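Just so it is clear, none of the values below were taken in a lab; they were calculated from the coordinates. Predicted, not measured: the structure shown is a model, and the values here were computed from it. Glycine gets a Cβ as well: all are built from the backbone with ideal geometry, and neighbour counts include every protein chain shown.
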Amino acid sequence: MIITHLALDGLKHAFFTRQGGVSEGSFSALNCSDRSADDPALVAENRAIAAAALGFAPARLVSVHQVHGVAVAVCDAPWETRPVADALVTATPGLLLGVVTADCAPVLFADAGAGVVGAAHAGWRGAVAGVLEETLAAMRALGAHDITAVVGPCIAQPSYEVGADLREAVLARAAADARFFTPGHRPGHWQFDLPGYCLARLLAAGAQAHATFDDTLANPQKFFSHRRRTLAGEGPIGHQLSAIGL
């Protein structure tokens, strides 16, 4: 149910899989997205299961209203209304920061010495626009200076064929980022290395960067995947949670 990374050893963190929850059907089983069409009571129970696995009460698990942007929310207490953002950071002990994904890259951040952690949702749009760098900046504003970041399970290059529009958007920022593309299976298409791209952006911004290199599309028993669902013409699916806390 849980994937951890040695780079975050000693910190309460997890990249949860879809396994171990109570949801049914296409949402089976640990769907943690309360913006899905799943039964809200089951989602709440799943989120409580995930929080408890890391030693937190359900009310201490905080999330944001994700929109594929670059806004970062600074959290010092559970909020009544979620802010619109794609990352959140805190220096407050007792809070568990969570993002949900189903092919986009979840990224967990920490400076254990400074007591600052963060979590970001990085789809290709957010990553290109700078959500990872914005998260690092927000953590540094809270006193972090030696930040480790881990890119969690997301769609991998062999599974991620994209069109010219995505490639052009990436290259418009930096022509050198053509290295994250290889020829696709169809003319005018490419395979995009999302985790590699995120790692490069994090390293360039001064973080120690790592990745789990789990492919969400290629592992249907372990992960929800929006791309896999789309290709198969299936209905709604869930999202897995990635979380870190102090």
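Assorted remarks:
- In the elastic network of the chain, a GNM with C-alpha springs shorter than 10 Å, the most mobile of Ala29, Ala178, Ala112 is Ala178.
- Here the chain carries DSSP beta bridges of which approximately 75% are antiparallel, counting only pairs with both residues inside.
- Under a 5 Å amide H cut-off, with hydrogens placed 1.01 Å from N, Ala209 pairs with Ala149 among residues at least 5 apart or on other chains.
- Distance between the range 33-49 and the range 209-246 - C-alpha centres, whole angstrom: 16
- Positive-end residue, the range 164-231 charge dipole about Cα centroid, Cβ charges, pick of Phe213, Leu199, Thr230: Thr230
- Signed unit charges on C-beta, dipole axis of the range 136-184, positive-most listed residue Gly163, Pro183, Ala141: Ala141
- Size estimate for the range 101-203 follows the Kirkwood approach: the inverse of mean 1/r over distinct Cα pairs works out to 14.2 Å.
- Packing-based ranking, highest mean first, of 213-222, 198-207 given that Cβ atoms within 10 Å are counted: 198-207, 213-222
- Listed values [x] 26, 23, 14; [y] 26, 19, 18; [z] 30, 25, 15, entry calculated as semi-axes √(5λ) of the Cα gyration tensor in Å: [x]
- Ordered by the number of other Cβ atoms lying within 10 Å of each residue's own Cβ, fewest first, Ser225, Ser242, Ser23 fall into the sequence Ser23, Ser225, Ser242.
- Value of relative contact order over the chain, rounded to a whole percent, pairs C-alpha under 8 Å and six or more apart: 25
- Sorting the segments 34-43, 101-110, 127-136, 226-235 by their mean number of nearby beta carbons within 10 angstrom, highest to lowest, gives 101-110, 127-136, 34-43, 226-235.
- Over the range 33-92, Cα pairs under 8 Å with separation of 6+ residues give a relative contact order of 26 percent.
- Working ranking of peptides 68-74, 158-164 by packing, defined as the average number of other Cβ atoms within 10 Å per residue, highest first, is 68-74, 158-164.
- In sequence order, the range 26-35 has phi-based couplings of 5, 8, 5, 10, 9, 6, 10, 9, 8, 9 Hz under the Karplus curve 6.51 cos²θ - 1.76 cosθ + 1.60, θ = phi - 60°, and Gly or Pro positions carry x.
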